[in-house]
Amino acid sequence: MLVTGGNGRLARALSQVGGSNVQGLSSAELDITNAAAVQSALEQLRPDAVINAAALSSVEASDATPERARSVNATAPGHMAQACDQQGTPLIHISTDYVFGAETLRPWRESDPVSPLNSYGRLKAEGERNALAASRRVCVARVAWLFGDGKDFIANLLRGDVGIVKVAHDQIGSPTPIFPLAERLLGLAARMNAGEAVPPVLHLAGSPPVSRADWVASAFEALQRSGKKIPKLVRVPMAEFVGAVPRPHYSALDCSLATEFFGEELDWRISTAKFGTPAEEIMSA
Ligand SMILES: NC(=O)c1ccc[n+]([C@@H]2O[C@H](COP(=O)([O-])OP(=O)(O)OC[C@H]3O[C@@H](n4cnc5c(N)ncnc54)[C@H](OP(=O)(O)O)[C@@H]3O)[C@@H](O)[C@H]2O)c1
């Protein structure tokens, strides 16, 4: 499997889980915005499948560098899908829950129209459309709130000597354990390579929906059990983060299609209970 954005969080998890079956290429080794370079990498490496984990993944960076964001997140997925299609190679293009942002009373389904609130979400939605328009052997895998690699939201909260952390109680989403996700993505890639029909869009995220504050509280409980000192959690409304790029209040993904496809749910509670356990132990469990 060829994985782009090789130094990124998801790409690293894919390499860790897939071992020698995965070849990750960093942005220095393959710039996905260079269509000719993508084509020549595919011709040389002839992978069984490609997972596009390269992105400008920061919501703030997307606002600050819109041209770069457009070329990486919106344009490149289209020509990458085209190059894969020419070679008959399946492509999994990684996208995000932030393609949604409208008001809703239930988790978002794959069939729901996108409703992004910020430039990151808009460009990722455009990237999805471009990839899907270029090839029929594409699966857009929407993931969300990745955690479990020591570089996640929880790790950021614990950085430094912080006594109090403020976390939104009115932001609902789908925390997704990164190593189980990587296993699923590699399984999906293998099934696509074997010619199995897969849905064009698949929500591969954790269940059930939870507020950011409740999820953090669960992680803190687990950390406390393992003897870690944790800050005091203060629940605040999202509106308190004045000046931040707007984010959806509700971006939880309905993952029933993926549950059917893989035979079980990705339950974030199981992986969150392992906070405080070294990543190597989680990997080998
Ligand atoms: N993290 C989350 O919670 C989350 C949530 C929802 C969706 N996602 C999606 O999941 C995917 C992976 O995210 P992540 O968290 O692993 O992001 P990440 O850690 O920021 O990794 C993205 C990687 O893409 C690389 N990249 C940027 N521009 C590139 C280019 N032109 N060519 C090749 N590589 C390039 C970056 O390399 P450089 O650093 O060298 O630029 C970086 O290593 C993305 O599609 C993201 O939108 C992530």
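Can you give me the number of residues within the stretch 170-183 that are within 18 Å of residue 217 (Cβ to Cβ) and surrounded by fewer than 18 Cβ atoms within 10 Å (Cβ to Cβ)?
1
Given the criteria in contact (Cβ under 8 Å) with a residue 24 or more places away in the chain, aliphatic (A, V, I, L, M), closer than 23 Å to residue 142 by Cβ and in a helix (DSSP H, G or I), does residue 55 qualify?
Values: in contact (Cβ under 8 Å) with a residue 24 or more places away in the chain: yes; aliphatic (A, V, I, L, M): yes; closer than 23 Å to residue 142 by Cβ: yes; in a helix (DSSP H, G or I): no.
No, not satisfied.
May I ask you to say which residue of 85, 112 is farther than 22 Å from residue 258 by Cα and either outside any helix (DSSP H, G or I) or of a type outside the set (Gly, Ala, Ser) (or both)?
Testing whether each residue is farther than 22 Å from residue 258 by Cα and either outside any helix (DSSP H, G or I) or of a type outside the set (Gly, Ala, Ser) (or both) leaves just 85.
Of everything in the stretch 8-56, what is under 21 Å from residue 192 (Cα atoms) and near the ligand (Cβ under 7 Å from one of its atoms)? Give them in sequence order.
Across the stretch 8-56, the qualifying residues are 10, 11, 53, 54.
Determine whether the stretch 91-103 contains at least one residue that is crowded, with 19+ Cβ neighbours inside 10 Å and away from the ligand (no atom under 14 Å from the Cβ). Break it down stepwise before answering.
Of the residues in the stretch 91-103, the ones crowded, with 19+ Cβ neighbours inside 10 Å are 91-101.
Retained after the next criterion (residues that are away from the ligand (no atom under 14 Å from the Cβ)): none.
No, that holds for no residue.
Which pairs turn up if I take residues in the stretch 6-20 that are over 16 Å from residue 177 (Cα atoms) and look for partners that are of a type in the set (Asp, Glu) and within 9 Å of the ligand (Cβ to nearest atom) with beta carbon separation below 8 Å, at least 6 apart in sequence or on another chain?
From the stretch 6-20, the pairs are 6/29.
Criterion first (at pLDDT 95 or above and either surrounded by fewer than 18 Cβ atoms within 10 Å (Cβ to Cβ) or more than 9 Å from the ligand (Cβ to nearest atom) (or both)) does residue 5 satisfy it?
On the way: at pLDDT 95 or above: yes; either surrounded by fewer than 18 Cβ atoms within 10 Å (Cβ to Cβ) or more than 9 Å from the ligand (Cβ to nearest atom) (or both): no.
So residue 5 does not fit the description; no.
Pairs needed: first member in the stretch 227-246, under 22 Å from residue 64 (Cα atoms); second member anywhere, surrounded by 14 or more Cβ atoms within 10 Å (Cβ to Cβ) and of a type in the set (Phe, Trp, Tyr); C-beta distance under 6 Å; at least 6 residues apart or different chains.
Close Cβ pairs satisfying both conditions: none exist.
Go through the stretch 13-22 and report how many residues are over 18 Å from the mean Cα position of the chain (by Cα) and surrounded by 17 or more Cβ atoms within 10 Å (Cβ to Cβ). Walk me through it before giving the result.
Of the residues in the stretch 13-22, the ones over 18 Å from the mean Cα position of the chain (by Cα) are 19-21.
Imposing the further condition that a residue be surrounded by 17 or more Cβ atoms within 10 Å (Cβ to Cβ) reduces the set to none.
Final tally of qualifying residues: 0.
Take residue 10 and tell me if it is under 30 Å from residue 241 (Cα atoms), over 20 Å from the mean Cα position of the chain (by Cα) and not β-branched (Val, Ile, Thr). Full working, then the answer.
Numbers: under 30 Å from residue 241 (Cα atoms): yes; over 20 Å from the mean Cα position of the chain (by Cα): no; not β-branched (Val, Ile, Thr): yes.
No: the conditions fail for residue 10.
Taking into account only those residues within the stretch 123-152 that are more than 12 Å from the chain's Cα centre (by Cα) and of a type in the set (A, V, I, L, M), which is farthest from residue 49 (Cα to Cα)?
Within the stretch 123-152, the subset more than 12 Å from the chain's Cα centre (by Cα) is 123, 125-139, 148-151.
Now narrow it down to the ones that are of a type in the set (A, V, I, L, M): 123, 125, 131-134, 138.
Values: 123: 24, 125: 22, 131: 15, 132: 16, 133: 18, 134: 16, 138: 10 Å.
Looking at the filtered set, the residue picked out is 123.
The values are calculated or read from the model by the stated rules, or taken from the named source; none is laboratory data. Not measured: the values here are computed from a predicted model. All Cβ positions, glycine included, derive from the backbone under ideal geometry; neighbour counts span all protein chains shown.
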